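Working notes, beginning with the structure itself.
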Amino acid sequence: MRHKRSDFPKDFLFGTATSSYQIEGHGFGGAGRTQWDDFAATPGNVVRFENGARACDHYHRYEEDLDLVSTAGFDCYRFSLSWARVMPEGRGPVNAEGLDFYDRLTDAMLDRGIKPCATLYHWELPSPLLDMGGWRNRDIAEWFADYTEVVMSRIGDRMFSVAPINEPWCVAWLSHFEGHHAPGLRDIRAAARAMHHVLLAHGRAIETMRGLGMGNLGGVFNFEWADPADDSAEARKAADRYDAIYNRWFLGGVFKGEYPALALEGLEPHLPTGWQDDFPTIQAPLDWCGLNYYTRKLIAPAGQPWPDYRDVEGPLPKTFMDWEIFPDGLYNFLTRTAREYTGDLPLFVTENGMASPDLLTGTNVDDPDRSAYLDAHLDSVKRAIAEGVPLNGYFIWSLLDNYEWALGYEKRFGLVHVDFDTLVRTPKASYHALAHALKS
Ligand code: PNW
């Protein structure tokens, strides 16, 4: 890698990220069923019906995995907790074994000098809650607040930072309008309600944690740069609409108490009545804002009633996800977020990274493309800092190759290779390069 730690401000934090369903293994230790177990078992949703039943078996190998975090020289580890492991039915009885696991995991981070950065929800909704409507049901905000209270009463005193929900856009739009993630709905009314309820739940969780006296609370949002596919007014409108739904809805709600007009044109008729009254909760003050960033899309009008966009093939080089590599997008979002939404609030890049096939040859994985991707995005990080954006840290997705949702185990995002038969972990060349950079 071209970069080294000393290129960044003295207190700048480096971290790596994972999520519970993608690495832990599921369906044992008293954990309840989740919407991803159900979704993966339904034909047409996930390649080869793959699910998180075993994943990286992190539940039993977390000590080894945290050694990998600390040996690389990371300051922070961003992890998530499985709601269904803590509360198998989503509400009511608590599974002591599950809560004990997160307690041990926390102490294992602290023992190694790693700062625990928790996310309370990274997509594995307990199935019984989906049966009651999931994110379409307004009550989810209270179910989520109760779960937050249970978890943070136990480990909240030892967290460095906490975010309630990973990527509200994925929770709401990708899962309820595009149908690519659980619960796989393609329904504008369901999507609109989820777009609102996910922010209400976020706000209730923040209020709950404030009630427990906790600090350093934030939100983690995902961003995709949208450029018009051509110069036409229609393409520009479509790209603006895409930007409004994807990138501006959630920041608008949380930091301004409003939704973008261009998105409301299609969504307002489907929002729950009285939605405007929820902004005081949605706007619960935060201590930081996290940005997840991977790619850009070219957008053209879809010729359909609404939403009037579709994404088209772009000219830039792509990763194994078929995602364009566009490091300027990260710079654009960091500067725009600070300028238009967050001001002096500390920002973090909470996810950035790429997938590749990453074949193991002997005991080596040569992944120069990943080191180059990270270097190029760190250039954007440095540019933003140089222009005064209060950016405090950068997290790489991901520590381990893991369950890439609907795309299964083939898309490898890890700094560390995982053999999904033997579960052997092998640090890739990018891991070694990064370890070197973090020590220089
Ligand atoms: C993020 N999209 O997900 C998640 O936080 C991770 O769980 C995931 O593994 C990582 O990025 C890589 O995909 C996304 O379709 C998944 O636009 C899909 C999309 C965006 C983000």
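The values are calculated or read from the model by the stated rules, or taken from the named source; none is laboratory data. Given the structure is predicted, the values throughout are model-derived calculations rather than measurements. Glycine also receives a Cβ, built like all others from the backbone with ideal geometry; neighbour counts cover every protein chain displayed. Ligands, DNA and RNA are stripped out before the accessible areas are found, and what is left, the full protein with its side chains, is counted by its heavy atoms. Shrake-Rupley method; radii C 1.70, N 1.55, O 1.52, S 1.80 Å.
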Dipole axis of the chain (+1 Lys, Arg; -1 Asp, Glu on Cβ), positive-most option in 320, 82, 371:
371
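Can you classify the stretch 32-161 as rounded, prolate or oblate using the Cα gyration tensor, where a ≥ b ≥ c are the square roots of its eigenvalues, rounded means a/c under 1.5, and otherwise it's prolate if a/b beats b/c and oblate if not? Mind showing how you got there, number by number?
Values: a/c = 2.24, a/b = 1.36, b/c = 1.65.
Cα axes put the stretch 32-161 in the oblate bin.
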Treating each Cα of the stretch 255-400 as an identical point scatterer and ignoring solvent, apply the Debye formula and state log10 I(q)/I(0) at q = 0.13, 0.14, 0.16 Å⁻¹.
-0.80, -0.90, -1.06
Got the relative contact order for the chain handy, in percent, Cα pairs under 8 Å and 6 or more residues apart?
18
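Using unit Cβ charges (K, R positive; D, E negative) and no other charged atoms, how large, in debye to the nearest 20, is the dipole of the stretch 5-438 about its Cα centre? Working shown, then result.
Working: 39 positive and 63 negative charges, 85 e Å.
Charge dipole, the stretch 5-438, about its Cα centre: 400 debye, nearest 20.
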The convex hull of the Cα atoms of the stretch 151-293, divided by residue count, gives a volume in Å³ per residue of 118
Where the centre of each part is set by its Cα atoms, how far does the stretch 174-224 sit from the stretch 375-400, in angstrom?
25
Between residue 107 and residue 287, the two model label points (7 Å from Cα along the beta-carbon direction) sit apart by a distance in nm of 2.3
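Give the ranking of 377, 436, 270 by solvent-accessible surface, highest area first, calculated with a 1.4 Å probe.
Numbers: 377 0, 436 135, 270 50 Å².
The ordering from most to least exposed comes out as 436, 270, 377.
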Would you mind checking the pairs 318/428; 297/411; 10/256; 10/115 and listing those with alpha carbons more than 25 angstrom apart?
10/256
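Looking only at Cα atoms, what is the convex hull volume of the stretch 1-89 per residue, in Å³?
Numbers: hull volume 12.4 nm³, N = 89.
Residue-normalised Cα hull volume stands at 139 Å³.
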Kindly write out, for the stretch 93-106 in residue order, the coupling ³J(HN,Hα) from the Karplus curve 6.51 cos²θ - 1.76 cosθ + 1.60 (θ = phi - 60°), rounded to whole Hz, with x marking Gly and Pro.
x, 9, 8, 4, 4, x, 5, 4, 4, 5, 5, 5, 4, 4
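Ranked highest first by average number of other Cβ atoms within 10 Å, how do 359-365, 414-420, 257-263 line up? Don't skip to the end; give the middle numbers.
On the way: 359-365: 12.3, 414-420: 22.7, 257-263: 17.4.
Most protected by this proxy first, the peptides run 414-420, 257-263, 359-365.
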Give the peptides 90-97, 423-430, 216-223 in descending order of average Cβ contacts within 10 Å, highest first.
216-223, 423-430, 90-97
In nm, to one decimal, how far is the residue 7 label point from the residue 345 one, both placed 7 Å along Cα→Cβ?
2.9
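Rg/Rh for the stretch 264-311 to two decimals, with Rh computed the Kirkwood way over all alpha-carbon pairs. Don't skip to the end; give the middle numbers.
Numbers: Rg = 16.1 Å, Rh = 14.5 Å.
Result: Rg/Rh = 1.11.
Extension gain residue 432-residue 63, at 0.36 nm per residue separation less the Cα-Cα distance, in nm? Provide the component values of the computation, followed by the final result.
Working: separation 369, 0.36 × 369 = 132.84 nm, distance 1.94 nm.
Stretched out fully, the residue 432 to residue 63 stretch lengthens by 130.9 nm.
If packing is taken as the mean number of other Cβ atoms within 10 Å per residue, what is the order of 345-354, 294-303, highest first?
The most tightly packed comes first, giving 345-354, 294-303.
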What is the Cα centroid distance between the stretch 283-334 and the stretch 4-62, reported in whole angstrom?
23
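Suppose we look only past 16 Å in the calculated P(r) of the stretch 122-209. What percent of the Cα-Cα pairs does that tail hold?
Details: 1953 of 3828 pairs.
Tail of P(r) above 16 Å: 51 percent of Cα pairs.
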Can you give the accessible area of residue 21, probe radius 1.4 Å, in Å² rounded to 10?
0
Alpha-carbon gyration tensor eigenvalues x 5, square-rooted, for the chain, Å
29, 27, 22
Looking at 217, 276, 249, which one has the Cα that reaches farthest to the positive end of the dipole of the stretch 202-282 (charges on Cβ: Lys, Arg +1; Asp, Glu -1)?
217
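If I stretch the segment between residue 265 and residue 422 completely, what's the gain in nm (0.36 nm per residue apart, minus their alpha carbon distance), one decimal?
51.4 nm
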Added length on full extension, which subtracts the Cα-Cα distance from 0.36 nm per residue, residue 153 to residue 256:
34.1 nm
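Roughly what % antiparallel, to the nearest 5, for the DSSP beta bridges in the chain? All intermediate terms of the calculation are to be shown ahead of the outcome.
On the way: 10 of 47 bridges.
Restricted to the chain, the bridges split so that about 20 percent are antiparallel.
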